[in-house]
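Just below is one structure, and these are the notes that go with it.
Values quoted throughout were computed directly from the atomic coordinates according to the rules given, and no laboratory measurement underlies them. Everything numeric in this text was worked out from a predicted model, so none of it was measured. All Cβ positions, glycine included, derive from the backbone under ideal geometry; neighbour counts span all protein chains shown.
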């Protein structure tokens, strides 16, 4: 299911909390719901990024096809003139139609002429193929443009909703007296010798981000959300990952708990809306949620969905 459809089907969080919950419990529940929405936003942003790449590819294809079409139309006009000169018995109206026809009519009329040589028919066939390719590409470009418009509207709605949720979280945090922790004066250092390679680079990068603020949609350098941190860490190791936990799960090599090594990713919850990077000794580094900075935490702090290794 596309993210657009998933967002349309996803229920909005209720404004009123069930009775009996403490403010701290409400805060935790709101933060959990917010992270789900943020990861939906990230997934939608990845879809939009992909469609824009495809749109750029189509623009290049259309330019090439348009040039080919111009050349083939000139060849078709020359061919029509040859037919007129070589077959004077051809009714004048039919020849006139050939010379003034639209591309579709021109192709159809030329292919109906039974006196075309083999080379002439080959030219017309090439023109027909090019014309069909151009028509398909233009239709795809129009459909992609409309898809992008839908995605952008969805993205704007999600952004507005997330910003409202962040404001609500801030009010809850003020009510509980909770404050965003200050960055540690001396951050923990990686345990042991990590060696070299992409995984080692990813772990070193993750340690260097400790204490930085949580920022929804953030990919650094000043703030991160969960999948933004893991994608930035592995990008430091030369590996590209999508900025979305569920999409990262789809592209990594699945590994078992016993196989995990520093640099591997740990995915959480049944719907995979959180991810952290394993750094050894049973710990992860992750961007927990709004109001909590990037931090070191035990790997089993929440239900684990699975482990994956970027390649």
### Summary
For region 246-301, the Cα convex hull volume per residue in Å³ comes to 88
### Query
What FRET efficiency comes out for the pair residue 146/residue 200, r = Cβ-Cβ distance, R0 = 51 Å, nearest 0.05?
0.70
